[in-house]
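Q: Pasting in a structure now, in structure tokens, and then I'll have a few things to ask.
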Amino acid sequence: MENHLTSEDKKVSIKDLSKHVDSKIEIEGWVYNRRGSGKISFVQFRDGSGFTQVIFEEDKVESDIWEVIGTLSPETSVKVVGTVSKHPKKDEYEIQGESIVVLSISEEYPIGNKDHGVEFLFKNRDLYLRSKTPWASLRIRDQVFRSVTNFFFEEGFTRTDTPVFQPTSCEDTTELFEVDYFGTPMYLTQSGQFYSEAAIMGLGKVYDFGPVFRAEKSKTRNHLTEFWMMDAEMAFYNQEMNEDLQERMVKRILKDALENMKEELAILERDTTILEKCANEEFIRLKHFEAKKLLEDNEFEVDYKDDMTTDEEIWLGNHFQIPVFIEDYPFEVKAFYMKSYVDERGMKRAKCADLIAPEEAREIIGGSQREDEYETLKSELLARDYPLEEYEWYLNIRKYGSVVHSGFGLGLERMVKWISGEHHIREAIPFPRTLVLNRP
């Protein structure tokens, strides 16, 4: 059954089949399903780049090849030779099979065509990644990553990656993972922000993109203990400029996904109506007080001094059907490094904004103008009982030629979850780490 290609044969990927109509090609991949109809067999086939079907007719192949086709089991790896044709009714391409070689037989593959429970699928995540749904979600993740990278390159940013091991916290100190660093306590990073703030004094505009960790004991469908964060920092940017940049970036991500991920969104049965609206319309900007007042007018019991609750974020996203910047939270509920001011009601507020996405996506970006005055930042550290000696290097950013600067962080998985329409954030990362440790 060995088949040797002639000089006219071509080894191609499924994603490139449209370029080879009426040509004989070779393709390697896996069988994910097979169905027969008398003397015709339809082999559902994938190679990592996409999905297609190979059609074999009994009277057009050798008898030993036809016998092999009848024994193909899910996830058996094979090499196929055939001619590419366009589907007669759909904008799809298929292969008229001529020969097939089994590379490795898959016996009793545990994930079949029947419905499996969510827990079963995630205990077998290494195998579940072969299925169409995670294939589509993770390709969208890859597209978001590329969109962000291209956007910042075009905007004149320098990628400046930051340490995973960090001696200090930039957020809530109760959410740190402590590790022994050759006898010295260190922490897995929550954010690269502080290091990026130092970097902009030399490079102007920087971003990093990598894994971060939160020891938050949350079981919600929006939380992971290990996830990927993009942190950007910009010298000479105030908060208004910061939000303008974020809006341009999100619209770029959405437009790229809508243009380049049509097959993946179709597999996920994603209604893209709201995504298309968000890609083209101006985002909403509301002060924290205005948002709370709107919620109160719509029968919410609100606390004007507190953060936004989950229900409040979901309502605001659904109400506007477009991303909403909630600006200027009460300073007491935000991080010490944010620039602050006192509003007309006498409340101290941070110059910040959380970007709330519709369709229950909630907060996808958090950002602020950073405090640029040395003494003000030092006083706030002391007021919150932070060990001053551990933040001396961070204070030094303001000591030698300080400038107005701002930054923000984008949660990659939350963005992917929104675009893909997946219910749980663990679908947006290859091997999720949640409060319950999963293996692999």
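Q: I'd like to know which of ASN124, VAL403, ILE14 lies farthest towards the positive end of the charge dipole of the chain, counting +1 on Cβ of Lys and Arg and -1 on Cβ of Asp and Glu.
A: Result: ILE14, furthest along the dipole toward the positive end.
Q: Return the aspartates and glutamates within reach of LYS15: Cα separation strictly under 15 angstrom, same-chain partners fewer than 8 residues apart disregarded; answer none if there are no such residues.
A: Within reach: GLU26, GLU28, ASP47, ASP91, GLU92, GLU94, GLU263, GLU264.
Q: Still on this model: Just want the answer: with Cβ charges of +1 for Lys and Arg and -1 for Asp and Glu, which residue in THR160, ASN33, ALA350 is farthest toward the dipole's positive end in the chain?
A: It is ASN33, whose Cα lies furthest towards the positive end.
Q: Compute the distance from the alpha-carbon center of the range 165-230 to that of the range 234-288, in whole Å.
A: 25 Å
Q: May I ask you to list the lysines whose Cα is less than 19 Å away from that of LYS219, ignoring any residue fewer than eight positions away on the same chain?
A: Within the straight-line cut-off, LYS219 pairs with LYS123, LYS417.
Q: Follow-up question, since we're still on this one. Under a GNM of the chain (C-alpha, springs under 10 Å), which listed residue has the highest mean-square fluctuation: TYR93, TYR195, TYR187?
A: It is TYR93.
Q: What stretch of the chain, leaving out the sites themselves, is the longest with no trypsin sites (Lys or Arg not before Pro) in a DSSP loop having at most 15 other Cβ atoms within 10 Å?
A: 115-216
Q: Which of [x] 1.14; [y] 1.06; [z] 1.19 is the computed Cα Rg over 2.2 N^0.38 Å for the structure on display?
A: Computed from these coordinates, Cα Rg over 2.2 N^0.38 Å corresponds to label [z].
Q: Ok, one more. For LYS348, which lysines qualify as cross-link partners when the Cα separation must be under 26 Å and same-chain residues fewer than eight apart are set aside?
A: The reachable lysines, counting only those whose Cα sits under 26 Å from LYS348, are LYS287, LYS292, LYS293, LYS305, LYS334, LYS339, LYS378, LYS399.
Q: Determine the dipole magnitude for the chain: charges of +1 sit on the beta-carbon of Lys and Arg, -1 on that of Asp and Glu, nothing else is charged, the reference point is the Cα centre, and the result goes in debye to the nearest 20.
A: That gives the chain a dipole magnitude of about 660 debye.
Readers should treat all values here as calculations from the given coordinates under stated rules, not as data from a laboratory. Remember, it's a predicted structure, so these values are computed and weren't measured experimentally. We place every Cβ from the backbone using ideal geometry, glycine too, and count neighbours over all the protein chains shown.
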